[in-house]
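Inspection log for the structure reproduced underneath, given as structure tokens.
Nothing in this text is a laboratory measurement; each read-out follows from the coordinates by a stated rule. Remember, it's a predicted structure, so these values are computed and weren't measured experimentally. Every residue, glycine among them, receives a Cβ derived from its backbone with ideal geometry; neighbour counts consider all protein chains shown.
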Amino acid sequence: MGAQVLVFDVGGTTTRAGLFDLGAARLMRTERAPTPSVSNCPGETGARLRARLYGLMARLAARLGAETPARVVIGFPGPVDANGVALRAPTVWGAERDPEPVAARVRALWPGAGIRVVNDLSAAGYGFLRHAHDDACIVTVSSGIGHKVFLDGRPVVGPAGRGGEIGHLRVDFSADAPPCECGGRGHLGALACGRAVPDQAARLARRDPGGFARSSLAAAVGGRASRVDAPLLARAFRAGDPWATTLVGVLAAPLGQVLAGIHAAVGVERFVIMGGFAQGLGPAYLAPVARAAAASAWDLGQNWGLMLELGERGDDAGLFGAGRLAAREWGGPA
């Protein structure tokens, strides 16, 4: 493969693979396929899902013509320690608590390769840094929610890699708080990510049945709000549907509150929001997040409208960031 690195972005919905050219600092080719996860493969055992994931990675590499890569970087959706062990992966394996030695499993696929496994947001974040010592908070709003704070160009994750998991911060302590895929309740991801849409839509419809009945979404789902999913909501929101706009505000509010907490704790002033759900909603999604953040933080003259930006690299953001991480570690333009 020469100066090319095999890069992966494993998500709860889709797994992406690509070849990143270190010399040119760009993605050469990409492939993707549905992730064998609890959402895509209901009823499958955790052990079977894990085995299927590595089989998928091998097939994607073969489709890229990278059967014997020299270097591999994997962005993985969960906290990852320094040895490449994933502590949890709720969007992929649900509530299972067994750590997964991702680096060791991948090394078994490609024994001679240099292997680097990091959290998916750590990987993607490198693609959004403006320079080698940039400070930023990278946030994904997709099938789950996570973040990474980068200070001086490096993600701050703690000694065991546990930092950056705001999706599993409990923000709703009510008795009927929605369940999270990790097994907890009331977590940010359960209230604000793409997979939270059906539950939040049903709750809003109970509070505002008239508004839902007047919405274009009501006809699209046969009057059953629990059938509203992320793509349907995104289309209605972009079309200006009032009830859909209210629902997006409900989903955005807890995220804005948590981002205000991050800002208050560490002072970071640039927040890049990426992920399939956020991208589907578009730039208008930033406004309710900014309002919620401003309402939740001490006013020191911050302009949340300028502090938030939508990640512009699209679906390949994680692959590009993984490639830039490879360039830092193995040489090439970073």
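Summary of computed values
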| item | result |
| --- | --- |
| Helix 46-63 vs. the chain, principal-axis angle (Cα, 0 to 90°, nearest 10) | 60 |
| Gyration tensor (Cα) of region 135-193, equivalent ellipsoid semi-axes in angstrom | 25, 11, 9 |
| Unit charges on C-beta of K, R, D, E only; dipole of the chain, Debye | 580 |
| Under 5 Å, built H, 5+ apart or other chain: amide partners of G114 | R71, V72 |
| Peptide ranges 115-124, 25-34, 53-62 listed from the most packed, as the mean C-beta count within 10 angstrom indicates | 115-124, 53-62, 25-34 |
| Sorted by Cβ density within 10 Å, fewest first, the residues C182, C41, C137, C193 | C41, C182, C137, C193 |
| Mean ellipticity per residue at 222 nm, deg cm²/dmol - from DSSP H runs of n ≥ 4 across the chain, formula -39500 (n - 2.57) | -11500 deg cm²/dmol |
| Angle between the chain longest axis and helix 242-266 axis [Cα atoms, degrees, rounded to 10] | 60 |
| Isotropic mean projected area of the C-alpha convex hull, region 136-312 (nm²) | 10.5 |
| Whole-Hz couplings from phi, Karplus 6.51/-1.76/1.60, listed for region 219-233; x for Gly and Pro | 5, 5, 10, x, x, 9, 4, 5, 8, 5, 10, 4, x, 4, 4 |
| As computed over region 19-109, the Cα convex hull volume per residue (Å³) | 108 |
